[in-house]
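The values are calculated or read from the model by the stated rules, or taken from the named source; none is laboratory data. Since this is a predicted model, take the numbers as computed values, not measurements. Neighbour counts run over all protein chains shown; Cβ positions are idealised from the backbone, glycine included. These area figures cover heavy atoms from the full protein model, side chains too; ligands, DNA and RNA do not enter into them. Shrake-Rupley method; radii C 1.70, N 1.55, O 1.52, S 1.80 Å.
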Amino acid sequence: PRRSSDLDSVPAADNIRRLEEGGEATAFVKRRRLSEERLEVRKYYPGDDPRRLNWKVYAHLGELFLRVGEETPPPESRILVILDSNRPSLVTLEFSADYLDSIVEACTALMQVLLLRGINIIFTAPGISNPLVVSMEKYHGLLSLLSGIWWNTKQEGLQYPVNRNIQAIIFSSPGSPALQSIVESVKSRGWNLNLMFKTFNPPPEAKKVSRLKRSLFIQEKSGNNRKKIWNFSSQLEEAITAEITRYRGAPWRLKNVHRL
């Protein structure tokens with residue numbers, strides 16, 4: 001029989017541990033502890049705070065998990081939205097701002113629809129160090145990020161998430177210098193791919209202004225006349241048609257290439 005002095009000869013913390021374990025096998029206790037630790041973690045997603053990583057679980061499993069306490073793990077995002085902001089030579093400085101705005105607006109509209117349906121997404125673009133996991137709660141942060149996007153001229157590479165099964169949606173422009181490498185990267189990962197090209201919608205005709213209004217208010221003048229706008233729009237349409245033909249044929253064989 002065990003004497004009380006045997007228990008008194010070890011630290012109090014060890015006494016409590018022995019009483020709680022109740023003679024369980026060491027291997028089983030380790031498994032139970034690891035199981036309890038995993039109940040308080042969830043998988044690490046790109047964009048999460050790395051300071052909350054649970055390194056003890058990583059040492060056991062070799063995978064990154066985040067300490068969340070009683071937080072409910074979010075559903076794993078399966079849709080990756082890529083905004084290709086590499087400016088092609090076709091888009092001159094005269095139309096660059098308006099055309100980029102149209103691409104960003106189309107990309108934002110799709111992401112908003114997905115988020116309103118309760119579907120979390122992953123977003124990336126040139127210059128973003130880590131893909132951003134976006135939920136409806138983070139929508140305003142996404143808008144802030146999109147408002148700062150400009151044409152990429154440094155040929156910065158894209159960062160991709162580590163998910164094995166992803167539906168990728170690329171918003172791009174015809175003649176983008178980085179589009180082929182982006183498509184190759186997505187296809188090499190075995191992901192499904194949707195490729196979207198944005199057309200250019202000319203602004204509406206300016207309304208006639210009365211002489212009195214012209215004299216009372218300063219009128220904004222546009223540097224683009226109608227002929228230049230329509231020429232650019234038609235050239236862009238031809239370039240998009242050529243790109244759709246290219247990516248739908250060999251060696252890409254993509255079926256879901258669209259004009260927006």
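Condition first: among the aliphatic types (A, V, I, L, M) and touching a helix residue (DSSP H, G or I) at 6+ places or on another chain (Cβ under 7 Å). Now tell me which residues in region 170-182 satisfy that. Answer for region 170-182, where residues must be among the aliphatic types (A, V, I, L, M) and touching a helix residue (DSSP H, G or I) at 6+ places or on another chain (Cβ under 7 Å): just Ile170.
Within region 139-159, the only residue that satisfies the criterion of being under 15 Å from the mean Cα position of the chain (by Cα), of a type in the set (S, T, N, Q) and outside any helix (DSSP H, G or I) is Gln159.
Each row is one residue, and each column tells you yes or no for (1) among the aromatic types (Phe, Trp, Tyr); (2) over 23 Å from Leu260 (Cα atoms).
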| site | (1), (2) |
| --- | --- |
| Val91 | no, no |
| Ala125 | no, no |
| Ile128 | no, yes |
| Glu156 | no, yes |
| Phe171 | yes, no |
| Lys187 | no, no |
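The residues of region 102-144 that are open to solvent by 60 Å² or more (accessible area, probe 1.4 Å) and closer than 22 Å to Asp49 by Cα, listed by number, are Ile119, Ser129, Asn130, Met136, Glu137, Lys138, His140, Leu143, Ser144.
For Pro46, the requirement of being at pLDDT below 85, outside any helix (DSSP H, G or I) and not aromatic (Phe, Trp, Tyr) is met.
Tell me, yes or no, whether region 160-168 has at least one residue that is over 10 Å from the mean Cα position of the chain (by Cα), surrounded by fewer than 16 Cβ atoms within 10 Å (Cβ to Cβ) and under 24 Å from Val91 (Cβ atoms). No, region 160-168 has no match at all.
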